Structure formats: C-alpha cells, structure tokens
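Reviewing the structure listed below.
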Amino acid sequence: MKFLPVPVEYLDEKWQYIKPILNKAVCLSPRKIDIEDVYTASKQGAYLVWTVEEEDKVIAVVTTRMVFYPKGYAMALDFVGGGRMKDWIELVLSTLETHAKHNKCIHMEGFGRKAWDRFINKFGWYPAHITYHKDL
C-alpha cells in the first residue's frame, strides 16, 4: 500500500479514478463546494490531492491545503474518501504529519464527521470545536 500526492501534471490522467471516490466526501457539502470546484482548485494549486493505492488501484483519496493563521501555518485535511480506512489511516496520518512538519506547520486540522473519532483519536487527534450550520 502506498500513499502519495498526485502531481498537478498527472491530475488529469488520474482524475477518472479519483473523482468517484473523492466525490463521496465532497458531496456532503453541496451548498459550499462540488467536485468540479475541487478539481479546479487542485489544478490551481489550492489543494494537494493524495491517493492511497494498492496494486495500482486507488482505494482512498485525501485533499490537503495550507492555511495561514497569524501565529503560523496549518495543514488542513478537507476531504477524505474511500474504503478500508483502518488499513491505511496510520500510513496517511504519519505521512501527512511529516509533510506538515516539513512545511513548518504548527498544527494539522481536519474536517469530518463525529465517527472519525474511532479512527483518529489513537493518533493524537482530538476535537477542537463543533461547527454548526443553518441553511438560509
């Protein structure tokens, strides 16, 4: 199993495999963003798209982006899609932590459902706040 970023110049070639997996996560925010927005932003460098692959088959996709806060950079994990999370979560989180440290981030932050707790708490992640929404 491998977890690597997709270079922008290969995004078009791999998008057919990435899109259906990633869209399952992106479509949870339909009034904010859609999969084509993610694609465009990724091509422009706003998101870095990573894939978990096994035997050259994409089984999961993660997007990251750098966020600047007045006290320093953070790496945000915005969208995570795919199956078999228990098989790759440790590889993904350790790789992303190394990447964040290399980029001088002061912390990492992720956006997901409460159910993520059962996968990520043991890796030192904790809930920082709850986001509430109201549709208008």
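The values are calculated or read from the model by the stated rules, or taken from the named source; none is laboratory data. Just so we're clear, the structure is a prediction, and the values are computed from it rather than from any experiment. Cβ sites come from the backbone with ideal geometry, for glycine too, and all protein chains shown count toward neighbours.
Does LYS32 qualify as being at pLDDT below 95 and not hydroxyl-bearing (Ser, Thr, Tyr)?
It is true that LYS32 is at pLDDT below 95 and not hydroxyl-bearing (Ser, Thr, Tyr).
Of the residues that make up segment 97-120, is at least one among the hydroxyl-bearing types (Ser, Thr, Tyr), modelled with pLDDT of 95 or more and surrounded by 12 or more Cβ atoms within 10 Å (Cβ to Cβ)?
no
Checking VAL67 against (1) in contact (Cβ under 8 Å) with a residue 12 or more places away in the chain; (2) over 19 Å from ILE120 (Cβ atoms): exactly one of these is not met. Which one?
Condition not satisfied by VAL67: (2).
State which residue is surrounded by the most Cβ atoms within 10 Å (Cβ to Cβ) when the search covers only segment 13-36 and only residues that are assigned to a helix (DSSP H, G or I) and without any contact (Cβ under 8 Å) to a residue 12 or more places away in the chain.
So, considering only residues that are assigned to a helix (DSSP H, G or I) and without any contact (Cβ under 8 Å) to a residue 12 or more places away in the chain, the one surrounded by the most Cβ atoms within 10 Å (Cβ to Cβ) is PRO20.
Could you give every pair whose Cβ atoms fall below 8 Å, whose first residue belongs to segment 90-108 and is more than 14 Å from TRP50 (Cα to Cα), and whose second residue is of a type in the set (Gly, Ala, Ser) and not in a helix (DSSP H, G or I), counting only separations of at least 6 or pairs across chains?
Listed by first residue and then by second, the contacts come to LYS104/GLY72; CYS105/GLY72; CYS105/ALA74; ILE106/GLY72; ILE106/ALA74; HIS107/ALA74; MET108/ALA74; MET108/ALA76.
Given (1) within 13 Å of the chain's Cα centre (by Cα); (2) part of a loop (DSSP other than H, G, I, E, B), where does ARG65 come up short, assuming only one miss?
Answer for ARG65: the failing condition is (2).
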